[in-house]
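The values are calculated or read from the model by the stated rules, or taken from the named source; none is laboratory data. From a predicted model like this one, the values you see are computed outputs, not experimental measurements. Note: ideal-geometry Cβ built from the backbone for every residue, glycine included; neighbour counts use all protein chains shown.
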Amino acid sequence: MNRFLTQRKIARLIVLQRIEIIGPILKKIRKTLGRRIFTNIVSKFFINPKTIGKKYYEIMQNEFNLIKEFISEKDIFFLSIGSGAGGLELIINNNFENKKFYFIEKNYVSKKVIYNWDSKNLEAYNNLELQKNFLKENGIKEINIFDCDNDKLPNVKFDVIISLFSLDYHYDFYIYKDYLKKVCKDNTKIIFDTIRADHFNKIFKNVVVLKEYNNTVHKSKRLLCSNFLI
Ligand SMILES: C[S@@+](CC[C@H](N)C(=O)[O-])C[C@H]1O[C@@H](n2cnc3c(N)ncnc32)[C@H](O)[C@@H]1O
């Protein structure tokens, strides 16, 4: 099936996590009414969960295509920081066998949704119960989700760590630096988007630019890093 099974409640979160999913008319309505009214009223009634499930799948399939060559059969333990609903992890799960997925997320939707750099790291657009149901419904059987504000984070040596448009895109990498050092092996692959790519040459021995987003406001880059230097 080339779409995710998407209930309305999770679809309402997905359109916050991936704003490119809503079409031009809804975008215009959101601009006119503001994000809060949009989330509480418009997306409660006027989005089509089936269409969201299909578009979200397509976007995540493209994200997967960009990173799939860096995932090997030997990679077992995956950590996602700020995965949103977890569509990318579902597609990894569809394409490989025996992967174990861990998620670190926030368990609330902030009232004032700001899509820029969040120096206090208060912005969040998730609900971990809905995320768990979405992952289960779409095929991940063993689900380990951790609320970064309230849970003890998993102490596992990860093979791959993924954070799309979250770590060092919305909030400071240094919030997680010590934790990441603890759960990384030398060759753990860390994939994330950043608005200060050069900075990471000081932090990692290996830094590869996977993609440059030159036409966006943030002008971010997607990096694949490994081997902490500091
Ligand atoms: C723009 S969304 C991106 C979601 C997903 N990675 C994607 O590409 O669709 C950013 C996500 O980061 C989460 N987030 C914010 N602060 C976080 C933190 N400190 N740790 C983990 N997740 C966080 C938000 O709740 C939200 O789901």
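Is one or more of the residues making up region 120-142 touching a His at 6+ places or on another chain (Cβ under 7 Å) and at pLDDT below 95?
Yes; the residues of region 120-142 include at least one that is touching a His at 6+ places or on another chain (Cβ under 7 Å) and at pLDDT below 95.
Considering D118, D168, which residue is of a type in the set (D, E) and closer than 15 Å to S80 by Cβ?
On inspection, the qualifying residue turns out to be D168.
Could you tell me which of the residues D151, D147, D168, D193 is more than 15 Å from the chain's Cα centre (by Cα) and among the charged types (D, E, K, R)?
Result: D151 is the single residue among D151, D147, D168, D193 that is more than 15 Å from the chain's Cα centre (by Cα) and among the charged types (D, E, K, R).
Checking the conditions here, which among N116, N127 is within 12 Å of the ligand (Cβ to nearest atom) and in contact with a helix residue (DSSP H, G or I) (Cβ under 8 Å, 6 or more places away or on another chain)?
Answer to the check: N127.
Could you grab me the full set of residues in region 73-120 that are surrounded by fewer than 19 Cβ atoms within 10 Å (Cβ to Cβ) and in contact with a Ser or Thr (Cβ under 8 Å, 6 or more places away or on another chain)?
Those that are surrounded by fewer than 19 Cβ atoms within 10 Å (Cβ to Cβ) and in contact with a Ser or Thr (Cβ under 8 Å, 6 or more places away or on another chain): V109, V113.
So, of the residues in region 33-63 that are under 17 Å from Y115 (Cβ atoms) and β-branched (V, I, T), which turns out to be farthest from the ligand (Cβ to nearest atom)?
Per the criteria, the residue is I37.
State which residue pairs qualify: first residue closer than 20 Å to T216 by Cβ and inside region 20-46, second residue at pLDDT below 80 and not acidic (D, E) in any location, beta carbons under 6 Å apart, and separation of 6 or more residues or different chains.
R30/F38; R35/V113
Return yes when I81 is away from the ligand (no atom under 12 Å from the Cβ), in contact (Cβ under 8 Å) with a residue 40 or more places away in the chain, closer than 26 Å to V209 by Cα and not polar (S, T, N, Q) and no when it is not.
no
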